[in-house]
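Novice: Just dropping this structure here.
Bear in mind that the values in this text are calculations on the coordinates, not laboratory data. It should be emphasised that the depicted structure is a prediction, and the values quoted were computed from it without experimental measurement. All Cβ positions, glycine included, derive from the backbone under ideal geometry; neighbour counts span all protein chains shown.
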Amino acid sequence: MAANADYLVIERALRSKGFELIAGVDEAGRGPLAGPVAAAAVILSFDNNSENIVDSKQMTAKQREAAFGEITTTCLAWSVWAESVKVIDRIGILPATMRAMAMAVRRLALQPDYVIVDGNRLPALNCPGEAIVNGDARSRSIAAASIIAKVIRDRLLIKLGKLYPEYGFERHKGYGTAQHIHSINNSGITKHHRLTFSPVRQFKLTLANG
């Protein structure tokens, strides 16, 4: 797991324009059939050259957990916000994701001068920002946010796995794997499933507690 040599090129360019506090933002959990969507915002110190902070998709769970500890103890500020399944079903996954990102930025202990977001859309911000496609593979700040969001959401789904052992949430994290679909077909759905997502929406809410 080696960091891209240009992992700070975006931050360096922004710093040359006078921006000092640059927040990277990313989300985890847009696609799953169950669980919240989480977003993280992270402001790294500008001299952070850690090779442990890369796109979370390139890392194992153990590597992400180690990087999570490193990021949260060395960064200038970090924050996470999760939007619930109820919100996702009410307003849609994209608006819920944008709202989670905006709230993560808003809750930072230090307010950024500039925000860089993974993807092609910007949430509502109170400062300048830009969306960067494949940003988690191009920016260390966004990569750090991707790790934080992924670790926090995975921890939530692992807890759900203990509450609902028949679904295996701790293994698939709510994504529509063959095992998860099989569990839905056999046991129905829980209140943690996204009712507006296919194939969930064909089932009634059968497990109300937990």
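Novice: Taking the number of other C-beta atoms within 10 Å as the exposure measure, put ILE132, ILE189 in order starting with the fewest.
Specialist: Final ranking by Cβ density, sparse to dense: ILE132, ILE189.
Novice: Per residue and in cubic angstrom, what volume does the convex hull of the Cα atoms of the chain have? The partial results should precede the final answer.
Specialist: Working: hull volume 23.7 nm³, N = 210.
Dividing the Cα hull volume of the chain by its residue count gives 113 Å³.
Novice: May I ask you to derive the relative contact order of the chain, considering only C-alpha pairs under 8 Å and at least 6 residues apart, and to give it as an integer percent? If you can, show how the numbers build up before the last one.
Specialist: Working: 417 pairs, mean separation 59.0, N = 210.
Taking the mean separation of contacting Cα pairs over the length of the chain, I get 28 percent.
Novice: While we're looking at this one, here's another question. Which order do VAL80, VAL151, VAL42, VAL87 fall in if you start with the one that has the fewest other Cβ atoms within 10 Å?
Specialist: VAL87, VAL80, VAL151, VAL42
Novice: Additional query: Looking at the stretch 163-207, I'd like the Rg to Rh ratio, where Rg is from alpha-carbon atoms and Rh is Kirkwood's inverse mean 1/r. Can you show the working numbers first?
Specialist: Values: Rg = 9.3 Å, Rh = 10.4 Å.
Rounded to two decimals, Rg/Rh equals 0.90.
Novice: Cβ under 11 Å from ILE10's Cβ, ILE10 left aside: what net charge do those residues give with Lys, Arg +1 and Asp, Glu -1? It would help to have the intermediate numbers written out before the result.
Specialist: On the way: positive: ARG12, ARG15, ARG138, ARG140; negative: ASP6, GLU11, GLU130.
Surrounding charge for ILE10 is +1.
Novice: Still on this structure, please answer the following. With each pseudo-label sitting 7 Å past Cα toward Cβ, what's the GLU51-TYR175 distance in nm, one decimal?
Specialist: For the pair GLU51/TYR175, the computed spacing is 2.7 nm.
Novice: Using the Kirkwood formula on the Cα atoms of the stretch 98-210, what hydrodynamic radius do you get, in angstrom to one decimal?
Specialist: For the stretch 98-210, the Kirkwood estimate is 16.3 Å.
Novice: Could you work out the helix-only [θ] at 222 nm for the chain, with each DSSP H run of four or more residues adding -39,500 (n - 2.57) and the total divided by the number of residues, to the nearest 500 deg cm²/dmol?
Specialist: -12000 deg cm²/dmol
Novice: Taking the number of other C-beta atoms within 10 Å as the exposure measure, put MET98, MET103 in order starting with the fewest. Write down the numbers at each step before the final one.
Specialist: Details: MET98 22, MET103 17.
So the ranking, lowest neighbour count to highest, is MET103, MET98.
Novice: Something else: Just need log10 I(q)/I(0) for the stretch 4-50 at q = 0.27 Å⁻¹, Debye formula, equal scatterers on the alpha-carbon atoms, no solvent, rounded to two decimals.
Specialist: -1.01
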